[in-house]
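The next block holds one structure in the form of structure tokens; read it before the comments.
The values are calculated or read from the model by the stated rules, or taken from the named source; none is laboratory data. Everything numeric in this text was worked out from a predicted model, so none of it was measured. Surface accessibility is based on the protein's heavy atoms, side chains included, excluding ligands, DNA and RNA. Shrake-Rupley method; radii C 1.70, N 1.55, O 1.52, S 1.80 Å.
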Amino acid sequence: MSQLLDTAYTILAADPPVPAYTPTLPGPLGKASSTILGWAAGTGLALATLGGLAGWGCVAIGHNTERAGLAARGKQAIIWSLVSGGGIGVTAALVMAFYDMTKS
């Protein structure tokens, strides 16, 4: 197995299969994509917050009126709002981090 790896390393070192290329976005496109990502993340987080508030409202109404189904749906809404808010925040941060890595 080591002979196979040594041969592959020798062949690939002589002529690399992937050319030296650094991907970059043009300046105006980079600024526009940053703006779009910022607005999308902000809107998504605002909607996740509203969903969480609606869930808390359903829990309160469900418990006070003894409607267990409504309270259970409210609890699910709270959990999914937290999950979606975290997902939006992580995704936006990862995209911006990869974009910033391509600039340097």
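On the principal axes of its alpha carbon atoms, the chain extends 76, 45, 13 Å, with the longest extent given first. Using a Gaussian network for the chain with springs between C-alpha atoms less than 10 Å apart, which of these wobbles most: 53, 12, 94? In this elastic network of the chain, the residue with the biggest mean-square fluctuation among 53, 12, 94 is 12. For the chain, the solvent-accessible area of protein heavy atoms averages 76 Å² per residue (probe radius 1.4 Å; ligands and nucleic acids excluded). Just the protein heavy atoms count here, and of the accessible area of the chain at 1.4 Å, carbon and sulfur take up 73 percent.
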